[in-house]
Amino acid sequence: MRRAQFALEFIIMVAIALMIGITFLAGSSIVLKDTSELQRLEALNGIGYLLQDEVILATTVEDGYRRKIVLPQRAGRFQYAINTSATSVSLRSGSVDIAYPLPEITGSFKKGTNIIAKDGAVVIS
Amino acid sequence: MRSGQAWSVDFAVSLLLFVAAMVIAYTMLTNVLSDRKFDDVRTQARGAAELLVTPGYPDHWTNESVIRTGLVADSELSLRKARALASVDNDAMRKGLRVTDAVYVYVLNATNGTEAVFGECGVGDLSVSSVPAEKTLNALAIGDGKVGVSVETNATVFMNDSFFDEMERADVLVLEGNVAGVIDRSLEQSSIDLADVAMRGITAIVIGDPGFPVWGIETNSTTASTIQVTSGAGKRLGLTEGETIDIEIGGSPVAIPTLITPGGSAVGNFETIATAMGKPAIATWTFNDARIWYVATHQGTLSGGGNLTETLINATEDVITIPWPSCSPPTFPANAEQIVHYDRIVSYHDRLLTLRIVMWGVG
């Protein structure tokens, strides 16, 4: 049986194809990673600005105001953590950590159901 | 050795097709992502445009208190808020406007020329060429004739009730000395009317006790030889932190109307600039949307040289005549992608101006 005479050329061709494929994957992964981080930021901002708007709304209404808001377990497809202080709420996901300033509040936000109440001051429970 | 059979035409064609497929896949991927990016930039711009034509939060925000940026006060463009927005760095501005991409905000008049309400051509991630110029704001003053600061400025000076007929469109108000002593109208009504004017972003300078409660001002007589400047905010009045102002007359201490710290829901961001016997003698605060500067006396010699009257004249003139450059139309970067702009109409002194926000991604 004759040995295949195109073995070396075949290896070269496959190598070239692999290099092209790897270059494509590398380029795509950079683009996709950047996009993924932007999506993370967008998802966090969606929650952060919602909380900001809800607390601002609560400060402008009469005492006796009650509103239930439900925070998702994930920000889009990303895990996140919430940390609340008297004048801000921080959302952390991956390497992104953003603080959203708030009017003064008592209590803290958590994933799931939160009640925003106004009785003199704005209280989160 | 025989030539490799792999170098056949069909193999070369298949390699070419493979490369073409990779290129097409990459191009499609980046196009899809680019479309998403455009939607994102457009959404940000639209949200920021809506925010800009609101008062923001708090309603009379300053750079220290701002949570949500807006440029409107009392249904009109607030010069105070515009100048405050111009004084922050671009990252803080983006945060207040809830945007993450490049942004530029500017104001156009009816003939599509730029109105430099920000003290510069616009605010944001763009430099626009301009020719330095100034504008004299509509400034009115009323006083008992004993202080003599505003007569040396571009303010129109009154010593009677006509001041109150004209003040509706003023950007700067100066109250000097015992204003209550020169007006015939009700002091209570005058106080209310001045509080109403303060709903807009005016600047008010009060020198001495006006004789009636206005803008949160209540005073106590304090006998002192010097006023000590304690805060860097005095720089805007031409004073230096740590400077001493000798106010003795004939070597004797004088009684001056020091402030009782203003209270009430309309008052915010109070800052003592200088004290006499530990009490506020020069201070600044916001009252509704107005920025108030109070100076207990116009007489004194500065330890750094010069006299207080002259310093106050210069400071008042700096408030009345402000930078208002003549601007070229903005030119956006060549690599700006997904460029979007939104226009919103705002009222300013009986004119309709266009507030334009431009946003773009960077390639």
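The values are calculated or read from the model by the stated rules, or taken from the named source; none is laboratory data. In this text the structure is predicted, and so the values were computed from the model without any measurement. Here Cβ is always computed from backbone atoms with ideal geometry, including for glycine, and neighbour counts include all displayed protein chains.
Within region B:95-120, no residue that is under 14 Å from B:Pro325 (Cβ atoms) and free of Cβ contacts under 8 Å to residues at least 12 places away in the same chain sits with its Cβ atom under 7 Å from a residue that is of a type in the set (A, V, I, L, M, F, W, C) and assigned to a loop (DSSP other than H, G, I, E, B) at 6+ positions apart or across chains. Filtered by the rule that a residue be assigned to a strand (DSSP E or B) and in contact with a helix residue (DSSP H, G or I) (Cβ under 9 Å, 6 or more places away or on another chain), region B:64-101 gives B:Arg68, B:Thr69, B:Val72, B:Ala73. In region B:289-300 there is no residue that is out of contact with any His (no Cβ under 9 Å at 6 or more places or on another chain) and more than 18 Å from B:Glu176 (Cβ to Cβ). In this structure, is A:Asn83 closer than 30 Å to B:Arg98 by Cα and in contact with a strand residue (DSSP E or B) (Cβ under 7 Å, 6 or more places away or on another chain)? Yes. Note on region B:198-255: residues that are more than 14 Å from B:Thr311 (Cα to Cα), outside any strand (DSSP E or B) and of a type in the set (Ser, Thr, Tyr) amount to 3. Listed here are the strands (runs of 3 or more DSSP E) enclosed by region A:1-105 that have at least 2 residues being within 18 Å of B:Gly96 (Cβ to Cβ), touching a residue at least 12 places away in the same chain (Cβ under 8 Å) and within 11 Å of chain B (Cβ to nearest Cβ): A:96-101. Taking the criterion of being closer than 22 Å to A:Phe78 by Cα and basic (Lys, Arg), would at least one residue in region A:36-44 satisfy it? So far as region A:36-44 goes, yes, one or more of its residues are closer than 22 Å to A:Phe78 by Cα and basic (Lys, Arg).
Using the structure shown, decide if B:Arg344 is at pLDDT below 95 and of a type in the set (Lys, Arg). For B:Arg344, the condition - at pLDDT below 95 and of a type in the set (Lys, Arg) - is not met. Scanning region B:50-93 for residues that are of a type in the set (Ser, Thr, Tyr) and over 12 Å from the mean Cα position of the chain (by Cα), which turns out nearest to the other protein chains (Cβ to nearest Cβ)? Only one residue tops the list, namely B:Tyr57.
Within region B:19-35, is there a residue that is within 29 Å of A:Glu37 (Cα to Cα), away from chain A (no Cβ under 11 Å) and in contact (Cβ under 8 Å) with a residue 24 or more places away in the chain? The answer is no; no qualifying residue exists. Of all residues in region B:154-168, those that are among the small types (Gly, Ala, Ser) have Cβ atoms under 8 Å from Cβ atoms of residues that are in a helix (DSSP H, G or I), 6 or more apart or on another chain, in B:Ala155/B:Thr316; B:Ala155/B:Ile320. Elements of the type strands (runs of 3 or more DSSP E) sitting completely within region B:269-363 and holding at least 2 residues that are of a type in the set (Lys, Arg): these cover B:351-362.
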